[in-house]
Amino acid sequence: MAKLVFRNSGKTITDSNQIKEFLAQYGVVYDRWGVDRLSEDIRKKYDIDEENSKTIIEAYRKELEELKSKMGYITEDIVVLSDKTPNLDGLMEKFKREHHHTDDEVRFVVDGSGIFPVKIDGDIVDIHVEAGELIVVPAGARHWFELDENRKIKCIRVFKTPAGWEAIYNENEKATMRD
Ligand SMILES: [Fe+2]
């Protein structure tokens, strides 16, 4: 289950309704779609191919289309990180750098888990997500991504344009979450 950890105070929130309500104030979407509809072998396949990706995306077609029409997203794909990923440590160093995007960062976790630290009101809030959970980090929100001790995650990502994916690292280009 998801968990919020506030770095300044150490406070944690584990109740999913409270997590959803807290994050919604800052434009961060949290939802649970579950993974019961996927077989274990499909979920846990990390050397993904077109068939695996298609099966997963089709299983969530209804939720994905609702989200896309509501938020203006165009397309989706599957992304994985695991010990099978070449240069995993190097990639994780890159993902740990604070940045924002001009589009929302949308992830539905199919397997594994990870942490999205997001800067909120002068604090850093670690948003821990795991299989079955959706997170939308809104455009402009300063954040980064970390793997946890499982060191693997498999996600559906949903996006508008590939250009919106580029990470903007420079603080001076920062747009605040309430702009
Ligand atoms: Fe990002």
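The values are calculated or read from the model by the stated rules, or taken from the named source; none is laboratory data. Everything numeric in this text was worked out from a predicted model, so none of it was measured. Note: ideal-geometry Cβ built from the backbone for every residue, glycine included; neighbour counts use all protein chains shown. Accessible surface is based on the protein model in full, side chains and every heavy atom, while ligands, DNA and RNA are left aside. Shrake-Rupley method; radii C 1.70, N 1.55, O 1.52, S 1.80 Å.
Counting only trypsin sites (Lys or Arg not before Pro) that DSSP places in a loop and that have at most 13 other Cβ atoms within 10 Å, the longest clean stretch of the chain runs over 98-177. With a ≥ b ≥ c the root eigenvalues of the C-alpha gyration tensor of the stretch 99-151, is it rounded (a/c under 1.5), prolate (a/b larger than b/c) or oblate? Oblate, because a/c is 1.5 or more while a/b does not exceed b/c.
Close amide-amide hydrogen proximity is noted between THR75 and PHE159, each under 5 Å apart and 5 or more residues distant or on a separate chain (H modeled in the peptide plane; Pro and chain starts excluded).
The lysines whose alpha-carbon is closer than 21 Å to the alpha-carbon of LYS3, local same-chain residues fewer than 8 away aside, are LYS11, LYS20, LYS96, LYS119, LYS152, LYS154. Across the stretch 3-163, the mean sequence separation of Cα contacts (distance under 8 Å, 6 or more residues apart), normalised by length, yields a relative contact order of 31 percent. Here the accessible area is traced with a 1.4 Å probe on the protein chains. For the stretch 3-163, carbon and sulfur cover 47 percent of it.
By its C-alpha gyration tensor, with a ≥ b ≥ c as the square roots of the eigenvalues, how is the chain shaped: rounded for a/c under 1.5, else prolate for a/b larger than b/c, else oblate? Cα axes put the chain in the rounded bin. Taking MET71, MET1, MET92 and ordering them by how much accessible surface each has at a 1.4 Å probe, largest first, produces MET1, MET71, MET92. Taking SER82, SER69 and ordering them by how much accessible surface each has at a 1.4 Å probe, largest first, produces SER69, SER82. Determine, from the Cβ-Cβ distance of GLU166 and SER16 and an R0 of 30 Å, the FRET efficiency 1/(1 + (r/R0)^6), rounded to the nearest 0.05. For GLU166 and SER16, the calculated efficiency is 0.45.
In this structure TRP165 has an accessible area near 50 Å², from a 1.4 Å probe over the protein heavy atoms. Using the Stokes-Einstein relation with a Kirkwood hydrodynamic radius computed over Cα pairs, the translational diffusion coefficient of the stretch 43-121 at 25 °C and a viscosity of 0.890 mPa s comes to 165 µm²/s. For the chain, modelled as a GNM whose springs connect Cα atoms under 10 angstrom apart, the maximal fluctuation among ALA59, ALA139, ALA167 occurs at ALA59.
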